[in-house]
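Visitor: Mind looking over this structure? Questions follow.
Please treat every number below as a calculation from the coordinates, not as lab data. Predicted model only: the values in this text are computed from it and were never measured. Cβ placement follows ideal geometry from the backbone for every residue including glycine, while neighbour counts extend to all protein chains displayed.
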Amino acid sequence: MSTHSPSLWRVLSETWRIIIGHPRHFLALSVLFLLPISFASIIYTFLVQPTSLHSHYLQSLFLVSTPDPKTGNSQLLISILYILSVFLFSLCATPSITYSTFTAFYGKPVKFVSSLKSILVSFFPLLATLFVTEIILGLIIFAFALLMLVAYNGLVLLGVEMDYNSGYFLVFVTVIAVFLVGLLVYLLVEWCLSNAVVVLESKWGFAPLKRSSYLVKGMRKVARSNMVLFGILGGLSSMWYSNLIANAGGSSKGWIVVQMAVYVVFSTLLSLYGMAANTVLFVYCKELHGKMVFQRDEEMGREYVRLATDVNVV
């Protein structure tokens, strides 16, 4: 395989080849770990949907009942349970799909039991890495908020009119928001391979973030495009679902159920494809940095020697 920087299309096509080559394996993992996440989002919508968005009509689709929306404790409990379920299923899906994709990439046998075992090995390292990532992002947001407060007070002391309805205030907030979003996007690109590093290189904490930043060098454009592509698809899917919920009262129950089933299947497959594509990107990044070239060249050398020997024998 060439060590030249691959395109996004190459990453996506290789991901497709891997998934299609092992359909039952990835289907089983998706049903176990990704499908519950998609289905939970629908149930969560039923349980917390305000009456203005036809919640009673939606609840009748699956014969579910909800507590009074005014009972804050019940709503808080539902939200906590939803977040925990998504969090736990995601921590199980990431290592199993990452390990399976990496194994299939090199043509090795993909075993379901081995994929499940990878969850036991990587669950807590992933949890620790996520914890570190959230702390760093939280500190950055806090620093920007503090900077915004200091800058605001400084401009007020300089005599700049900073009323909430003034154009100066709007420009000020926009500039701060652009810088913050730009920095967060940059870090997400730099750290996009951190989960794969945790699963496949047995690192955790801050080390996967640093390692990902190193590996993504030379591949930032592809990594950014990959992130934007799946972000857009996920955003469009969420917008479609939100519009579906908002207009549910004007459609038949059967048609609404069909559309929701399509949404669940699409979001599940999108999550699967995104995780697998991220693993393929990780492999290409490692090869680009020469970490696997020697091993593969060595294997090719052994194969060449064997073929040459066979020819001489003949």
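Visitor: So if I restrict to the alpha-carbon atoms in region 111-246, what is the Rg, and what is Dmax, the biggest pairwise distance, in Å?
Guide: When restricted to the Cα atoms of region 111-246, Rg and Dmax are 20.1, 68 Å.
Visitor: Shifting gears a bit: Over 30 Å between C-alpha atoms is what I'm after, so list which of Lys111/Lys221; Lys117/Lys286; Lys117/Lys253; Lys108/Lys203 land there.
Guide: Where the Cα-Cα span goes over 30 Å, the pairs concerned are Lys111/Lys221; Lys117/Lys253.
Visitor: What distance in nm lies between label points placed 7 Å from Cα along the C-beta direction at Ala145 and Asn73?
Guide: It is 2.8 nm.
Visitor: For a quick protection proxy, order the peptides 190-196, 175-181 by their average other-Cβ count within 10 Å, most packed first.
Guide: Averaged packing, sorted descending, gives the order 190-196, 175-181.
Visitor: I need the Debye-formula profile for region 2-43: one equal scatterer per C-alpha, no solvent, reported as log10 I(q)/I(0) at q = 0.15, 0.22, 0.24, 0.34 1/Å, two decimals.
Guide: One equal scatterer on each Cα of region 2-43 leads to -0.55, -0.78, -0.81, -1.02.
Visitor: Hey, what do the phi angles of region 170-184 turn into as Karplus ³J(HN,Hα) couplings, whole Hz, using 6.51/-1.76/1.60 and θ = phi - 60°, x for Gly and Pro?
Guide: Couplings: 5, 5, 4, 5, 4, 5, 4, 5, 5, 5, 5, 4, x, 5, 5 Hz.
Visitor: Here's a follow-up. Test of understanding: what is the full-extension gain from Ser202 to Ser5, defined as 0.36 nm times their sequence separation minus their Cα-Cα distance?
Guide: 68.4 nm is the gain from fully extending Ser202 to Ser5.
Visitor: Right, here's the next one. Going through region 165-226, which trypsin sites (Lys or Arg not before Pro) have at most 14 other Cβ atoms within 10 Å and a DSSP loop state?
Guide: Filter output for region 165-226: Lys217.
Visitor: If you place +1 on the Cβ of every Lys and Arg and -1 on the Cβ of every Asp and Glu, how big does the dipole about the Cα centre of region 192-238 come out, in debye to the nearest 20?
Guide: Dipole magnitude for region 192-238 comes out near 220 debye.
Visitor: At 0.36 nm per residue, and after removing the present C-alpha to C-alpha distance, how many nm does the segment from Val173 to Lys117 gain when stretched out fully?
Guide: Value of the extension gain: 15.4 nm.
Visitor: Of the listed peptides 27-35, 273-281, 236-244, 110-118, what is their order by residue-averaged count of other C-beta atoms within 10 Å, with the highest listed first?
Guide: Highest to lowest by the protection proxy: 273-281, 27-35, 110-118, 236-244.
Visitor: If you plug each phi of region 27-42 into the Karplus form 6.51 cos²θ - 1.76 cosθ + 1.60 with θ = phi - 60°, what whole-Hz ³J(HN,Hα) values come out, in order, with x for Gly and Pro?
Guide: 5, 5, 5, 5, 5, 6, 10, 9, 4, x, 5, 5, 5, 5, 5, 6
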